[in-house]
Amino acid sequence: MEPKTVLVVTSIASPNVALKELARGCRRHGVEFFVIGDESSPRQFELGGCRFYDLKEQTELGFAFARQCPTRSYARKNIGYLLAMRTGASVLAEGLGPAAPGLDGIGIREAVEYLHGRRPRESVAEAIAVSTRQYAKRQQTWFRHQLTGAVLTLDATRPPERLAAEIAQAWEQSGA
C-alpha cells in the first residue's frame, strides 16, 4: 500500500494561479490538498481538488490547539498538519528539504517527529500545545528583560473593548 500524502497550505487569498496549480498537481498525483484559512480569507473559497477550512471549521475539528492558536498567525498551519495526521497521512508535502530553515518550528517539529516514527500520533497535539506555551513564556521573559518600568500583560482572548479599557486604566494609573 502506498503511503498517503497530504499537502497543507495556509492562505488568505482567493483561489489564485498558484493555488490552482497546486490543486491540479494534487489531483494528478492523488495527493489530498488542505488549505487552512484565517481571518482575512475569503468567505467563499471554491477550488476543485482542495479542501478549504475556515476558522469556524477549524475549531469544529475538535483540536484544542485550533481554539488556542492565535488568528493571523502562520502557526495555524499546524491545524492542517494535525488534520493530515488524523486522516492517516504518512507524508506531508512541504516542498522543503529536511534541513530547511523553519522545519524546527513549533508544530512542524512535532509533526515531523511523528512522521519519522519518533513520536506517537496521540501525543502530537499536546506536544504542539506545550511547545507553544513554552515559546510564549520565553517571549514574555525576553520582553521583561528588554523593557524598563511596568509591563502590562493582556489576555488577547478578551473582547477588544475590555482590553482597551484595561490599557486606558493602566495608563491613567501610571500618571503618564
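Some notes on this structure:
- Taking the longest Cα principal axis of the chain as reference, the axis of helix 77-86 is set at about 50 degrees.
- A simple count of charges around Phe34, restricted to other residues whose Cβ falls under 10 Å of its Cβ and scoring Lys, Arg +1 and Asp, Glu -1, yields +1.
- Against the chain, whose longest principal axis comes from its Cα atoms, helix 124-146 is set at around 30 degrees.
- Neighbourhood charge, 14 Å Cβ-Cβ cut-off, centred on Pro160 and excluding it, Lys, Arg +1 and Asp, Glu -1: -1
- Charge tally around Arg43: other residues with Cβ under 14 Å, Lys/Arg +1 each, Asp/Glu -1 each, net -4.
- Degrees separating the helix 17-29 axis from the principal Cα axis of the chain, which is the longest one: 40
- For the chain, a Kirkwood radius taken over Cα pairs fed into Stokes-Einstein (25 °C, viscosity 0.890 mPa s) yields D = 134 µm²/s.
Taken together, the values in this text are just the output of simple stated rules run on the coordinates, not laboratory data. None of the values given here were measured: they were computed from a predicted structure. We place every Cβ from the backbone using ideal geometry, glycine too, and count neighbours over all the protein chains shown.
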